[in-house]
1. Say whether the condition of being in contact with a strand residue (DSSP E or B) (Cβ under 7 Å, 6 or more places away or on another chain), more than 12 Å from residue 135 (Cβ to Cβ), at pLDDT 50 or above and in a loop (DSSP other than H, G, I, E, B) is met by at least one residue in the range 10-33.
2. Say whether the condition of being assigned to a loop (DSSP other than H, G, I, E, B) and surrounded by fewer than 18 Cβ atoms within 10 Å (Cβ to Cβ) is met by at least one residue in the range 84-100.
3. Among the residues of the range 121-145, write down those that are out of contact with any helix residue (DSSP H, G or I) (no Cβ under 8 Å at 6 or more places or on another chain) and surrounded by fewer than 22 Cβ atoms within 10 Å (Cβ to Cβ).
4. If I filter the range 148-160 for residues that are touching a strand residue (DSSP E or B) at 6+ places or on another chain (Cβ under 7 Å) and either at pLDDT 80 or above or on the phi > 0 side of the Ramachandran plot (or both), do I get at least one hit?
5. Condition check: assigned to a loop (DSSP other than H, G, I, E, B) and in contact with a strand residue (DSSP E or B) (Cβ under 8 Å, 6 or more places away or on another chain). Does residue 112 satisfy that?
6. Take residue 79 and decide whether it is out of contact with any helix residue (DSSP H, G or I) (no Cβ under 9 Å at 6 or more places or on another chain) and modelled with pLDDT of 95 or more.
7. Give me the residue from the range 184-195 that is under 21 Å from residue 32 (Cβ atoms) and either in contact with a helix residue (DSSP H, G or I) (Cβ under 7 Å, 6 or more places away or on another chain) or at pLDDT 95 or above (or both) and, out of that set, surrounded by the fewest Cβ atoms within 10 Å (Cβ to Cβ).
8. Could you list, in sequence order, the residues of the range 67-83 that are more than 12 Å from residue 125 (Cα to Cα) and either touching a residue at least 40 places away in the same chain (Cβ under 8 Å) or surrounded by 21 or more Cβ atoms within 10 Å (Cβ to Cβ) (or both)?
C-alpha cells in the first residue's frame, strides 16, 4: 500500500472554493482555518480543521469531513491529532480511521501535561482512494493559546509568528534534518527528526516516519540531535 503526504491547499485555494473560514477564538477553544483536499477518485472534496481546547485540560483535536455531507465508507477517512507547546510536540495520537459510514471523523489527544506555556494544534488528515492508496494532508495550525497548568487559567491567542520556538534546528552528521514540525506548511517541510517533549519533560527528537506509523500506546525512542544517542521515550496516545 502506498501513502503520499501533501499539504492541504492554501488560504487562497480555500477561498477560491468558498469554504475557508477565519479562525474563531475565545479563552477556551480556538480553531484554525478550514482546509480543502483535492477531489478524490469519486470527485469528493474533504475538509480538515485543527482545534485546541483548554478546558478542562489542554487538548488538540483534528476533524475531517466531506464537503457536502456524503457518507464516507468505513476505513477511508482518518486523522492524527497533534498538540504542540512552543514548537515541540507535546502529545500525538496515531492515525485513527472511521469504523462506520459517516460524513465526518474527529480524533483528539488525551490531555497531556507539558507545563505552562503556549500551546497549539496542528494535525494531519488522511483520505483513502479505491486503489488502496492514502493521501495525507496537513491541516492549518491554530494560533497558540497560553495556558497556566498550575492555575488552570488561559489567555487569548497570539499570532503564530509572535511565539518563539524553543526548539533547536539543523542537520546532523548523518544528514538528517532536525527541528520543529509545528510550523510546517507542507509535509516535505517536516524534519527527519521531530522535536518532542519526553516523558520526563525534557526535549528530544523522534524519527518522523516512526511517528506517522506508530500505533496507539507505543513508546517511541527519543534521541539527541545526532539521531543515534537515545535519551528517553515519547508515548503515542
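1. yes
2. Checked against the condition, which is being assigned to a loop (DSSP other than H, G, I, E, B) and surrounded by fewer than 18 Cβ atoms within 10 Å (Cβ to Cβ), the range 84-100 yields at least one hit.
3. 128, 129, 130, 131, 132, 133, 134, 135
4. no
5. So residue 112 fits the description; yes.
6. For residue 79, the condition - out of contact with any helix residue (DSSP H, G or I) (no Cβ under 9 Å at 6 or more places or on another chain) and modelled with pLDDT of 95 or more - is met.
7. 190
8. 67, 72, 75, 83
The values are calculated or read from the model by the stated rules, or taken from the named source; none is laboratory data. Every value quoted in this text rests on a predicted model; they were computed, and no experiment measured them. Note that we place each Cβ from the backbone using ideal geometry, even for glycine, and neighbour counts take in every protein chain shown.
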